[in-house]
Structure formats: C-alpha cells, structure tokens
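**Student:** Quick one: the structure is below, and I'll ask about it shortly.
Only the coordinates and a few stated rules stand behind these numbers; no lab work does. This is a predicted model, so every value here is computed, not measured. Note that we place each Cβ from the backbone using ideal geometry, even for glycine, and neighbour counts take in every protein chain shown.
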Amino acid sequence: LDVPHFKMDDHRTVSRLLQKGYFLGTIDLKDAYYVIPIHKSDRKYLRFSFENQIYQFCSVPFGLASAPYCFSKILKPLLHQLRSEGIMVINYLDDFLTMGPTFESCMNNIRTISNKLTSLGFVINEEKSSLIPSKIC
C-alpha cells in the first residue's frame, strides 16, 4: 500500500498562533474513522477472519495505513471553510484546537466547529474535549 506523504498541523502551528491572554478550547471526536464509509466495492480489501467467521469493515478502520491521510483529506474542505470564516482552528486527526482573544469569541468558535462536525455525522467526545474556554497565561 503506497500512502502519500502529507503535512498535518503540529506544535509549530500552535506556537505560531498562540498569543498571550488568548482563550483555548479543544474538541475530540469519538471513533471518528468509523463515520467514514468504505465504498461497497472496496470492502473486500478490508476483510479478516476470526473464529472461522469472515468479517469486513464498512467504515475506515483504525490501524489502516492510509486512514490518517484519507481522514485529513476529508476534513480539509471543512478546515478551509472554518478558516475562511476567521475561525482559528488547528487539527490533528480527530483533535481540534481553537482559540480566540476573548472568552466569547473562543466559545463561538467551539460552537461553530462542533455544530459543523456534528452536522457531518461526527460525534463529539465531551469527556475528552474542553468545550468551555480556558485562558492561557
């Protein structure tokens, strides 16, 4: 399997955007890959056997070498749209970081990102997310 090399946001992106006194919020997606369906004709490539039974994935499985690339490519238009609306957002696979100069602006970012993600079928993992902005020093 030949997986293309691709670039993701990382700590350098975060340090470039962070400013003293900004508020931060994080959003974690629950089982994000499972939201992405696999075309019926391609499911045969994702088969495995267990206790004499054959199973196949209907959605992108975790551990698939091309999963991070595919997932990042699928999210790219959403990230472009959010950024074009002036929302500061950084994405690393199923994790999102947003920030704003005020509590209200960051809260609006969190709401907007969450609403768009849920409208696309993703589920927010509230336990792993920080949906109430916190101020950085």
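**Student:** Scan the range 76-89 and tell me whether some residue there is touching a residue at least 60 places away in the same chain (Cβ under 8 Å) and surrounded by 14 or more Cβ atoms within 10 Å (Cβ to Cβ).
**Tutor:** Yes - at least one qualifying residue is present in the range 76-89.
**Student:** Now for a different question. If we keep just the residues of the range 92-126 that are free of Cβ contacts under 8 Å to residues at least 24 places away in the same chain and not small (G, A, S), which is surrounded by the most Cβ atoms within 10 Å (Cβ to Cβ)?
**Tutor:** Here the answer is N108.
**Student:** Show the residue pairs meeting these rules: Cβ distance below 8 Å; 6+ apart or different chains; first residue within the range 38-65 and on the phi < 0 side of the Ramachandran plot and assigned to a helix (DSSP H, G or I); second residue of a type outside the set (F, W, Y) and surrounded by 10 or more Cβ atoms within 10 Å (Cβ to Cβ).
**Tutor:** R43/Q56; R43/C58; K44/Q56; L46/I38; L46/Q56; L46/P61; L46/L64
**Student:** Follow-up question, since we're still on this one. Out of S66, S72, S134, which single residue is under 24 Å from V3 (Cα atoms), loosely packed, with under 15 Cβ neighbours inside 10 Å and not charged (D, E, K, R)?
**Tutor:** After applying the criteria, what remains is S66.
**Student:** Is the range 15-30 home to any residue that is part of a loop (DSSP other than H, G, I, E, B) and more than 30 Å from I132 (Cα to Cα)?
**Tutor:** In the first step, residues of the range 15-30 are kept if they are part of a loop (DSSP other than H, G, I, E, B); the result is 18-22.
Remaining after also requiring more than 30 Å from I132 (Cα to Cα): none.
No, because not a single residue in the range 15-30 is part of a loop (DSSP other than H, G, I, E, B) and more than 30 Å from I132 (Cα to Cα).
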